[in-house]
1. Mind checking which residues of segment B:190-204 are surrounded by 23 or more Cβ atoms within 10 Å (Cβ to Cβ), of a type outside the set (Lys, Arg) and part of a strand (DSSP E or B)?
2. Of all residues in segment B:148-166, how many are out of contact with any Cys (no Cβ under 8 Å at 6 or more places or on another chain), touching a residue at least 60 places away in the same chain (Cβ under 8 Å) and not in a loop (DSSP other than H, G, I, E, B)?
3. So, of the residues in segment A:79-100 that are among the polar types (S, T, N, Q) and part of a strand (DSSP E or B), which turns out to be farthest from the other protein chains (Cβ to nearest Cβ)?
4. Looking at B:216, B:234, which is the one that is surrounded by fewer than 20 Cβ atoms within 10 Å (Cβ to Cβ) and in contact with a strand residue (DSSP E or B) (Cβ under 8 Å, 6 or more places away or on another chain)?
5. Tell me, which residue of segment A:104-129 that is out of contact with any helix residue (DSSP H, G or I) (no Cβ under 7 Å at 6 or more places or on another chain) and of a type in the set (S, T, N, Q) is nearest to the other protein chains (Cβ to nearest Cβ)?
6. Yes or no: residue B:133 among the acidic types (Asp, Glu), within 8 Å of chain A (Cβ to nearest Cβ), surrounded by fewer than 22 Cβ atoms within 10 Å (Cβ to Cβ) and within 19 Å of residue A:88 (Cβ to Cβ)?
7. Here are the criteria: (1) surrounded by fewer than 21 Cβ atoms within 10 Å (Cβ to Cβ); (2) within 9 Å of chain A (Cβ to nearest Cβ); (3) in contact (Cβ under 8 Å) with a residue 40 or more places away in the chain. Tell me which single one residue B:169 does not satisfy.
8. Among the residues of segment B:75-113, which ones are assigned to a helix (DSSP H, G or I), in contact (Cβ under 8 Å) with a residue 60 or more places away in the chain and farther than 13 Å from residue B:41 by Cα?
Amino acid sequence: MKKTVIICILFVSVLQVFGNTYYYKNNKKVGLSLKKVVSRATTNIDYYVNEYGIELGITDKLIVKTKNKKTLIIYLDEFNLSIEKELSKDLYLLKTMDKNLTINIANKLNEKNTILYAHPDFIKKRMMR
Amino acid sequence: MFYSQNAINENAHINVKNLLQTYTGEGVRVAIIDDGLDTQHEDLKGSIIHSYDVTTKTSDVSHSDSSGYHGTAVTGIIAARKNLKGIQGIASEVKVIFLKYKEKMSDSQTIELFNKAEEFGADIINCSWGTYDVSDAVKDKIVDLSINGRNGKGTIIVFASGNDDIDMGNDESAIPEVIAVGATDKDNLRAYYSNYGKFLDIVAPGGYYLGITTLDPIGEDGISSKDINYILYDDSNYFVGTSASAPIVSGVIALMLQENAALTRVEIENILHKTSDKVGNVMYLDERNDYYGYGKVNLTNIFLNKRYSFAPS
């Protein structure tokens, strides 16, 4: 009984920490919790922590890999996106209207049949070894 | 005498013998993605063919501040020239492509650097860094290069496994198509800090108690406290870690490609796996374990024992 109560408390705590914010990695949902907002003259980055404890910066950019560039154009209109650059074949860096929309739009794109994957253009720390 | 004076296991090396008099990596291009490079270093003269900074979009890859050293140290292990100065790298005649990252970098910038390595014709890409959480897009690019780069033979991408004594997990080094390198120490055992996991390929000396002698930015810049242009093995700021192990393996691969440029990435991996020394006190099952991979790289086994042909398959 005690074990069950502890498990329930832990589960609720995790829900409270990560809430409904998530992104897709390898087609699986990964929880995110907001850490801090950094506003600068030309950049605007929100920092999150994912459920693995990794800090991720999110801006108004996201990355999408498409099966078909023609359908990508439809989604550009649907979500008010613009193409920043083509990163490689069928892989695009897109810009949203507002960084607060990035995660949600990336998730919705990820759920489209003609999109192989989509996620924010994460900013991460490269650790020298 | 050096080994006995410093209580180093007599086998705690990669068994070079005199092979570096014959093999130099001539004709091979190695890209290094790291924090900066002292392109004016006396021991790199003539080695650099391309450079690119992802922040400034220019060819200036100098360290961002006077304390920067890491990329210079990594490059020195691979490519320090065979001359009358300083040290000699594992592959002293390779051509260097240096790609400067920034500490907090976006996925799209990371992909840009791998694109640049491809554009500049890199045969090998050394990455002595990691994030512990590779994104789908970055992984996709790395896998694509590993399979399709070098006109279909596969670009060889080498990652340091990390220094936190943890499982490699979601790190870049855990991508199956890269060569993940852990570190051994002076006792010819896994260095206590060296990350491990089911995708660890191989280990190489990384240091502990003593470091790896390599280049430091010239003059007062860098971290060396004993020599102004080199980080000596016994400097109090010695260069230690899987960051040192990875470029040793990158240099060895450059020598293999000098011998046979037609080797595919898979063939190179197989040769490394089959010629490595099964060191350590962990059982090897099907030739490997999670702490040493397939074992410690052995240059003599690769080139002189002729167990594995270098002829194209």
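What follows draws every value from the coordinates through simple rules; no lab data is involved. Here the structure is a predicted model, which is why all the values come from computation and not from measurement. Note that each Cβ is placed from the backbone with ideal geometry, even for glycine, and that neighbours are counted across all protein chains shown.
1. Once the filter is applied, which keeps residues that are surrounded by 23 or more Cβ atoms within 10 Å (Cβ to Cβ), of a type outside the set (Lys, Arg) and part of a strand (DSSP E or B), segment B:190-204 yields B:202, B:203, B:204.
2. Count: 1.
3. Among them, the one singled out is A:82.
4. Step by step, each of B:216, B:234 is checked, and only B:234 is surrounded by fewer than 20 Cβ atoms within 10 Å (Cβ to Cβ) and in contact with a strand residue (DSSP E or B) (Cβ under 8 Å, 6 or more places away or on another chain).
5. Going through the qualifying residues, I end up with A:110.
6. On the way: among the acidic types (Asp, Glu): yes; within 8 Å of chain A (Cβ to nearest Cβ): yes; surrounded by fewer than 22 Cβ atoms within 10 Å (Cβ to Cβ): yes; within 19 Å of residue A:88 (Cβ to Cβ): no.
When the stated conditions are applied, residue B:133 does not pass them.
7. Only one criterion in (1) surrounded by fewer than 21 Cβ atoms within 10 Å (Cβ to Cβ); (2) within 9 Å of chain A (Cβ to nearest Cβ); (3) in contact (Cβ under 8 Å) with a residue 40 or more places away in the chain is unmet by residue B:169, namely (3).
8. B:77, B:78, B:113
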